[in-house]
Structure formats: C-alpha cells, structure tokens
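Here is the structure we will look at.
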Amino acid sequence: MDHRTAITSWPVEERPREQLFAKGAASLTDATLLSIILRTGSRGRSAVDQARALLSEAGGLQELSRWTAGELGNLVPGTTRVASLLAMFELARRLAAGRSGERRIIRTPEDVAARFGPLLRHLRHEEFWAVLLNSANVVQAEVRITVGTLNASLAHPRECFAEAVQRRAASVVFVHNHPSGNPEPSTEDLALTRQLAASGRILGIPVHDHVIIAGQEFTSLAERGQL
C-alpha cells in the first residue's frame, strides 16, 4: 500500500493512533509516534512520511529535539504543529529532569547532572545557572543567570550571587553546559570558578560545586579540587 496517501484511507489496524491503543506506545517507532503529534501531513505526504522526513533531515530524534521554531517551521507547515513539537520536547525534558514542585535535595554532582542534564544538554548555546540551597541542601530556587553564544557564556559574581543574597540562601551550586559535548573545563571556566568561590566565602554563601554538563557527561569542579 502507498503510505503517501491520507492516513484515513489506510486499513484501521495500520493507522498510528489505532496502533498506539492496540499495541501500546512503547511498541511504536519514533516516526509513528511523531506522526501522532503532527496529526496531518502535507504536499502529498502522510503524517508518517512527514515524520520520517523530519527525522532523516535532523539525523534522529535527539537532534530534532534541539531544533528551534524557525528550523522546524522550514519543514513543518503550520504554527500549531511546530508549537506541538516544541511543547512535546520541552515536556519530555522536564519529565526527565524531575517533576516540578518536587522537594529536591542536592548532595552530589550526580544529583545536579540528573536535574540539569535533560534541561541543558540539547542546547546549542551556553547557559549559566545558580541552584540556591537552604541549610539542609534542599533546592530553594534555580536561577538562570546568563544565556551565552555557541562558545561562551559570560557571567559575573555580582549577577551570580544576586538572587542568593536576596533569598538568603545557605549555599549555592553553579551549573553550565558545553554545547560542544566536551566536559573539560576551559581556562575561563576555571577562572570564573575561582572568582565565584572567593566571592562566596566573602558573602558567607559557600559554593558547593560548579558542574559542567556536556552531552551525556558532566564534570564536577569540586571533585577536581577547583573550589
């Protein structure tokens, strides 16, 4: 059968939504699941064909999740479908990072990576975050300090500690990502970490760690003795 035809003309058992209900979501391919989000195709393509084309162009689901609204809009007609894809990927990242509202405790670099890996590893630019903790290491707030370019994210101790001082945080953990996928700290990363640690000592808000997220890897500068 030519699957370029409208999905409504397919045999019922071959339609994506019917497959999902009959076999379960886990049994479906990425393209089939994506087609359910897209709902309809375009230009003689079914939604499944559209989904396959997207995955092929992006190089897979992981890379597709990194696309911007503009990039998606070049291949997916209609702002509604683009919005649905962006919302789906963001919800997936938030789910992987942990449920919102959950009382989170940060004790180890692994805790930081588990929280921020899903939120930062897909980005093509650097972001610098501060995690504010109370005396029991419970997260009070997560504050995005700066949004950088592909290769650099500038941060200054003044901005890094502003929220921590205002909220009377007991301590702080800093996090940023390397879009390159290389978890090794740069010279600038090390210099900034030393500045932040010194500022924290003066303010009485110790810096527990500075964690670099890079793809599936991470580096803890506390574990490397850089604080």
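The values are calculated or read from the model by the stated rules, or taken from the named source; none is laboratory data. In this text the structure is predicted, and so the values were computed from the model without any measurement. Here Cβ is always computed from backbone atoms with ideal geometry, including for glycine, and neighbour counts include all displayed protein chains.
The table below lists the values:
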| read-out | value |
| --- | --- |
| Answer residue from the stretch 109-136, given it is of a type outside the set (A, V, I, L, M) and surrounded by fewer than 17 Cβ atoms within 10 Å (Cβ to Cβ) and is nearest to residue 71 (Cα to Cα) among those | 124 |
| Residue among 173, 143 that alone is buried (at least 21 other Cβ atoms within 10 Å of the Cβ) and either under 20 Å from the mean Cα position of the chain (by Cα) or modelled with pLDDT under 95 (or both) | 173 |
| Failed item, numbered, when residue 88 is tested on (1) touching a helix residue (DSSP H, G or I) at 6+ places or on another chain (Cβ under 8 Å); (2) buried (at least 17 other Cβ atoms within 10 Å of the Cβ) | (2) |
| Options 199, 180; residue that is more than 20 Å from residue 107 (Cβ to Cβ) and in a helix (DSSP H, G or I) | 199 |
| The stretch 154-177: number of residues that are closer than 21 Å to residue 108 by Cβ and outside any strand (DSSP E or B) | 3 |
| Search result, residues across the stretch 170-202 that are more than 14 Å from residue 156 (Cβ to Cβ) and in contact (Cβ under 8 Å) with a residue 40 or more places away in the chain | 172, 173, 175, 177, 178, 179, 185 |
| Condition met for residue 46 (at negative phi and either surrounded by fewer than 19 Cβ atoms within 10 Å (Cβ to Cβ) or among the acidic types (Asp, Glu) (or both)) | no |
| Selected residue [among the small types (Gly, Ala, Ser) and more than 16 Å from the chain's Cα centre (by Cα)] from 83, 96, 114 | 83 |
| Qualifying residue in the stretch 57-64 (condition: touching an Asp or Glu at 6+ places or on another chain (Cβ under 7 Å) and within 24 Å of residue 214 (Cα to Cα)) | yes |
